[in-house]
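Reading through the structure tokens given below for one structure.
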Amino acid sequence: VYSCCYLSRRLNQLSSHDPLWKRQCKKYWLISEEEKSQRNQSWKAIFISTYSDLGRYIRYYATLKKAWDDLEKYLGQRCPRMIGSLKESVREEDLDAVEAQIGCKLPDDYRCSFRIHNGQKLVVPGLMGSMALSNHYRSEDLLDIDTAAGGFQQRLGLKQCLPLTFCIHTGLSQYMALESVEGRNKYEIFYQCPDQMARNPSAIDMFITGTSYLEWFTSYVNKVVTGGYPIIRDQIFRYVHDKECVATTGDITVSVSTSFLPELSSVHPPHYFFTYRIRIEMSKDALPEKACQLDSRYWRITNAKGDVEEVQGPGVVGEFPIISPGRVYEYTSCTTFSTTSGYMEGYYTFHCLYYKDKFFNVTIPRFHMVCPTFKVSTARMEINHNEYAVDEDEDSTDTDEYEDRRRVLDIPAPSGRCPRHT
């Protein structure tokens, strides 16, 4: 009996030992020393009060809170006006009310994130990234919970899907499936892609962007805060740079980053739209007489079948840029493939400004473009497949007349087409 009493007394002492609760507060709730001093409470009291409010999210809270904190810190230094678009957290009863309104349960990782920030206001630029071409502009907002609930879908093709993002220019959204219906996995996140050849409007294919809200959001934030996505004019641009897509010829380095545009792509007919951003830079240590001007471009474009198309043309984006020591020139263009992947490579031809009869080629590194994972609509499986006969041998297109240099706002409505090169 004495041993049991001593053990109970010792356990009680241990359970009240504040340094032990400090470790738990920092691990699960990311409570700092400064926040603790402001609350003027013991670590044990802070843990218990926080757990009573956020206990159901203990598996997710620290990961999501760190992601939000990292994102705010990064954007505060580079895109401060975007911080002002973020909304304060919502309450548990607000999330419960939304569940009652839509008749579906929200996943805990999604709820947890909205206990930290309730998405953002419908503004430009959007928190979830932008993309711009000469006649197309996209910028995705992270929807607040009420706006998301208002866009909850019950129609065929998007049944029981909740929008996570929205672009006010294109109407594009990323959706999260709240149930495993119509061929989707529960909590899968995707861009919708209507089948342009189907007579049935419920035939909606899907480009998959995430398997859960936690994975989707934290992987995006990681790309942003590690510099994986460039910041251009206070906006996050979703270009991905492969470190191998760099080539140096003499004093000139060419690097490439790419992006897939789901809103201009389709599975049926097969039309996969990619944009690429090219950076041309001359070393700052180059001699002044190395200054040169770009005259023309040559592209070799290969699709997944091995079909090759060669393209030649004067300048880039209608310009003939001059490159001198330390100078950088960047531009954006696009291409389409009828296959789910392909690659491009080529060279630019320059002439020297000091020796005008001297011409030389600068290598453009090979860069690959791959369509993300997609799922075909279950509605199509039930329809006669002859309805979908398409020509899979359509050539890819390099579209320098579609190129755009540093224009990211005030872009007219998209045409949805990638014009042929000239």
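For the reader, a short list of remarks on this structure follows.
- The set of residues in the stretch 185-197 being open to solvent by less than 30 Å² (accessible area, probe 1.4 Å), over 10 Å from GLY157 (Cβ atoms) and not in a strand (DSSP E or B) consists of GLU188 alone.
- Every residue from the stretch 111-145 that is among the small types (Gly, Ala, Ser) and surrounded by 23 or more Cβ atoms within 10 Å (Cβ to Cβ): SER113, GLY119, GLY126, SER130, SER139
- The numbered conditions (1) surrounded by 21 or more Cβ atoms within 10 Å (Cβ to Cβ); (2) among the hydroxyl-bearing types (Ser, Thr, Tyr); (3) over 22 Å from the mean Cα position of the chain (by Cα) are all true for THR249 except (1).
- Taking (1) in a strand (DSSP E or B); (2) more than 30 Å from LEU172 (Cα to Cα) in turn, THR335 satisfies each apart from (2).
- Sole exception among (1) crowded, with 19+ Cβ neighbours inside 10 Å; (2) among the β-branched types (Val, Ile, Thr); (3) within 12 Å of the chain's Cα centre (by Cα) for VAL267, by number: (3)
- Pairs, first of a type outside the set (Gly, Ala, Ser) in the stretch 73-87, second open to solvent by 80 Å² or more (accessible area, probe 1.4 Å), C-beta under 7 Å, six or more apart: LYS87/LYS121
- Residue match in the stretch 360-382 (condition: more than 24 Å from the chain's Cα centre (by Cα), modelled with pLDDT of 95 or more, assigned to a loop (DSSP other than H, G, I, E, B) and not assigned by the TED database to the domain that holds ASN135): no
A quick yes/no check of all residues on (1) farther than 25 Å from THR63 by Cβ; (2) small (Gly, Ala, Ser); (3) not assigned by the TED database to the domain that holds SER139:
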site	(1), (2), (3)
PHE190	no, no, no
ALA198	yes, yes, no
SER219	no, yes, no
PHE237	yes, no, yes
ALA247	yes, yes, yes
ILE278	yes, no, yes
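- Boolean, LYS243 is closer than 23 Å to GLY76 by Cβ and either surrounded by fewer than 20 Cβ atoms within 10 Å (Cβ to Cβ) or within 18 Å of the chain's Cα centre (by Cα) (or both): no
- Number of positions in the stretch 52-68 that are open to solvent by 60 Å² or more (accessible area, probe 1.4 Å) and in a helix (DSSP H, G or I): 5
- Selection of first residues in the stretch 48-61 that are of a type in the set (Val, Ile, Thr) and of second residues that are open to solvent by 90 Å² or more (accessible area, probe 1.4 Å), restricted to Cβ pairs under 8 Å at least 6 apart or on distinct chains, gives the following pairs, ordered by first then second residue: ILE58/TYR51.
- Residue match in the stretch 160-168 (condition: surrounded by fewer than 16 Cβ atoms within 10 Å (Cβ to Cβ) and assigned by the TED database to the domain that holds TYR187): yes
- Inspection of the stretch 213-220 identifies at least one residue that is open to solvent by 10 Å² or more (accessible area, probe 1.4 Å), in contact with a helix residue (DSSP H, G or I) (Cβ under 8 Å, 6 or more places away or on another chain) and farther than 27 Å from ILE323 by Cβ.
- GLU289 falls short on exactly one of the conditions (1) in contact with a Cys (Cβ under 8 Å, 6 or more places away or on another chain); (2) free of Cβ contacts under 8 Å to residues at least 24 places away in the same chain, and that condition is (2).
- Exactly one residue out of SER341, SER257 is touching a Lys or Arg at 6+ places or on another chain (Cβ under 9 Å), within 21 Å of LEU133 (Cβ to Cβ) and modelled with pLDDT of 95 or more: that is SER257.
- From LEU122, LEU106, LEU127, residue being at pLDDT below 95 and under 25 Å from GLN160 (Cα atoms): LEU122
- Residue in the stretch 201-211 that is of a type in the set (Val, Ile, Thr), open to solvent by less than 10 Å² (accessible area, probe 1.4 Å) and modelled with pLDDT of 95 or more present: no
- Qualifying residue in the stretch 118-134 (condition: touching a Leu at 6+ places or on another chain (Cβ under 7 Å) and within 22 Å of ARG56 (Cα to Cα)): yes
The values are calculated or read from the model by the stated rules, or taken from the named source; none is laboratory data. Everything quoted here is computed from the prediction, not taken from an experiment. A quick note on method: Cβ atoms are made from the backbone with ideal geometry, for glycine too, and the neighbour counts reach across all protein chains shown. For accessibility, only protein heavy atoms count, side chains too; no ligands or nucleic acids. Shrake-Rupley method; radii C 1.70, N 1.55, O 1.52, S 1.80 Å.
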